[in-house]
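Peer 1: Pasting in a structure now, in structure tokens, and then I'll have a few things to ask.
The values are calculated or read from the model by the stated rules, or taken from the named source; none is laboratory data. Remember, it's a predicted structure, so these values are computed and weren't measured experimentally. Cβ atoms come from the backbone with ideal geometry, glycine included; neighbour counts cover every protein chain shown. Each accessible area value is taken on the protein alone, full model and side chains, heavy atoms only, with ligands, DNA and RNA left out. Shrake-Rupley method; radii C 1.70, N 1.55, O 1.52, S 1.80 Å.
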Amino acid sequence: MDRRLDVVVIGGGQAGLAAGYHLRRLGLDFVILDAQSTPGGAWQHTWDSLHLFSPAAFSSLPGRIMPPQPRETYPDAAHVVGYLTDYEQRYDLPVVRPVRVEAVHRDGEYLRVESAAGAWRARTVISATGTWWRPFLPAVPGRAEFRGTQLHTVEYRRPGDFAGQKVIVVGGGNSGAQIAADLAYDTELTWVTQRPARFLPDDIDGRALFDAATARRRALDEGRTDTGGVASLGDIVAVPPVREARDAGLLKAQPMFTRLTATGVEWADGTRASADAIIWCTGFRPALSHLAPLGLRGPRGHIPTAGTQALREPRLHLLGYGDWTGPASATLIGVGRPAREAARAIAELLDLG
């Protein structure tokens, strides 16, 4: 296969679908290449109890409000998968799957997108592969010595898998707090965070976080004082399960240990704790290995951008990787605006060609 198009979108999760919506409205010829065999992006691979931070109406992609989930204020991951599946079908988005993109190369006036299923040549490319596929594990001394089970957020599914065990959950963000709350009732839990756990006020959810991220980006763009954005409010959204475990006294964070031992962990003062399993809720990095041939990587693995557009390759846009590619662009509600801006910028670029 060697088809020439206006745009190739790499990734068929929420960011790729939002891009497809706006590209279709502008009448561009495009395809969405998705490595997954079914719709839903990373949402189909999360732990069983995961819920959104916001009500359905405030967790929607452009053009289609997410319907509410019966008896749930905050929809679960399965509901999101159903919504994304319906969204893809409703707008008849041209998703080809499963296609795992291996590399993007410059090819004259085109960018050549290569995969085991063939190659596509595009005048522009939107990379929307997210971060879920590149979990981050910190370099903690002794990690290779630990004889128990170690897994990352992406591998955790349910508390029943650890019932009766001694489990250490590492991470003070939302994933760490939610998984710790999930495990608090059926395991001997130790929750460890790099700094003291910071819960947001109970009445704050994803709506307020999106507003805070947007206000920060607007302030920075206008040369005003940095508002601090979401980080100024706290680290953990107190969704109902987290709130319940916290209020029951089951979520008491311990400081970060200094090393792992064969049977557990050890703190700087020599205190030790044994463990059967350690769950690393330590975040992700952008999944950008397919763009390596373009030679665009900058500090911390990011590709420098102006908005979503790569500074050193204007035919490439990056969408949905976090605030550096648009305020709250890694969220359902936040990705719509940068997706629209990317589509418009691409339309303008192609009109100049």
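Let's see how each residue does on (1) of a type in the set (Val, Ile, Thr); (2) assigned to a loop (DSSP other than H, G, I, E, B):
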position	(1), (2)
Val80	yes, no
Thr85	yes, no
Gln89	no, no
Arg112	no, no
Thr124	yes, no
Pro138	no, yes
Leu151	no, no
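Peer 1: Quick test for you: out of Leu332, Leu291, Leu350, pick the one residue that is touching a strand residue (DSSP E or B) at 6+ places or on another chain (Cβ under 8 Å) and in a loop (DSSP other than H, G, I, E, B).
Peer 2: Sole residue among the options that is touching a strand residue (DSSP E or B) at 6+ places or on another chain (Cβ under 8 Å) and in a loop (DSSP other than H, G, I, E, B): Leu332.
Peer 1: Same structure, new question: Take the residues in the stretch 231-265 that are free of Cβ contacts under 8 Å to residues at least 40 places away in the same chain and not aliphatic (A, V, I, L, M), then tell me which one is most open to solvent (accessible area, probe 1.4 Å).
Peer 2: Only one residue tops the list, namely Asp247.
Peer 1: Do you know which residues across the stretch 153-191 are in a loop (DSSP other than H, G, I, E, B) and under 22 Å from the mean Cα position of the chain (by Cα)?
Peer 2: Tyr156, Arg157, Arg158, Gly171, Gly172, Gly173
Peer 1: Provide a single number: the residues in the stretch 111-132 that are open to solvent by 50 Å² or more (accessible area, probe 1.4 Å) and either farther than 23 Å from Thr325 by Cα or among the polar types (S, T, N, Q) (or both).
Peer 2: Number satisfying all stated conditions: 3.
Peer 1: Further question on the same structure: Among the residues of the stretch 301-317, is there at least one that is open to solvent by less than 30 Å² (accessible area, probe 1.4 Å) and charged (D, E, K, R)?
Peer 2: yes
Every residue, every condition in (1) within 13 Å of Val95 (Cβ to Cβ); (2) within 16 Å of the chain's Cα centre (by Cα), yes or no:
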| position | (1), (2) |
| --- | --- |
| Leu5 | no, no |
| Gly12 | yes, yes |
| Leu17 | yes, yes |
| Leu26 | no, no |
| Phe30 | yes, no |
| Leu33 | yes, no |
| Ser37 | yes, no |
| Ala42 | no, yes |
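Conditions tested, residue by residue: (1) within 24 Å of Asp6 (Cα to Cα); (2) open to solvent by less than 30 Å² (accessible area, probe 1.4 Å).
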| site | (1), (2) |
| --- | --- |
| Phe58 | no, no |
| Pro68 | no, no |
| His79 | no, no |
| Arg90 | yes, no |
| Leu93 | yes, yes |
| Glu109 | yes, no |
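Peer 1: Could you list, in sequence order, the residues of the stretch 319-334 that are out of contact with any His (no Cβ under 9 Å at 6 or more places or on another chain) and either at pLDDT 95 or above or open to solvent by 40 Å² or more (accessible area, probe 1.4 Å) (or both)?
Peer 2: Passing the criteria: Leu319, Gly320, Asp323, Ala330, Thr331, Ile333.
Peer 1: Could you check, for the stretch 90-112, whether at least one of its residues is touching a Phe, Trp or Tyr at 6+ places or on another chain (Cβ under 8 Å) and without any contact (Cβ under 8 Å) to a residue 12 or more places away in the chain?
Peer 2: yes
Peer 1: So, in the stretch 95-107, of the ones that are touching a helix residue (DSSP H, G or I) at 6+ places or on another chain (Cβ under 8 Å) and open to solvent by 60 Å² or more (accessible area, probe 1.4 Å), which residue ends up nearest to Met256 (Cα to Cα)?
Peer 2: The residue in question is Glu102.
Peer 1: Hey, another quick one. Among the residues of the stretch 19-63, how many are of a type in the set (Phe, Trp, Tyr), outside any helix (DSSP H, G or I) and at pLDDT 95 or above?
Peer 2: 2
Peer 1: When you check Arg340 against the structure, is it open to solvent by 30 Å² or more (accessible area, probe 1.4 Å), without any contact (Cβ under 8 Å) to a residue 12 or more places away in the chain and not polar (S, T, N, Q), yes or no?
Peer 2: For Arg340, the condition - open to solvent by 30 Å² or more (accessible area, probe 1.4 Å), without any contact (Cβ under 8 Å) to a residue 12 or more places away in the chain and not polar (S, T, N, Q) - is not met.
Peer 1: Test of understanding: among Thr129, Thr187, which residue is in contact with a strand residue (DSSP E or B) (Cβ under 7 Å, 6 or more places away or on another chain), polar (S, T, N, Q) and touching a residue at least 40 places away in the same chain (Cβ under 8 Å)?
Peer 2: Of the residues listed, the single one that is in contact with a strand residue (DSSP E or B) (Cβ under 7 Å, 6 or more places away or on another chain), polar (S, T, N, Q) and touching a residue at least 40 places away in the same chain (Cβ under 8 Å) is Thr129.
Peer 1: Could you say whether any residue in the stretch 138-154 is closer than 22 Å to Trp324 by Cβ, touching a Ser or Thr at 6+ places or on another chain (Cβ under 9 Å), among the aliphatic types (A, V, I, L, M) and open to solvent by less than 40 Å² (accessible area, probe 1.4 Å)?
Peer 2: Yes, the stretch 138-154 has at least one match.
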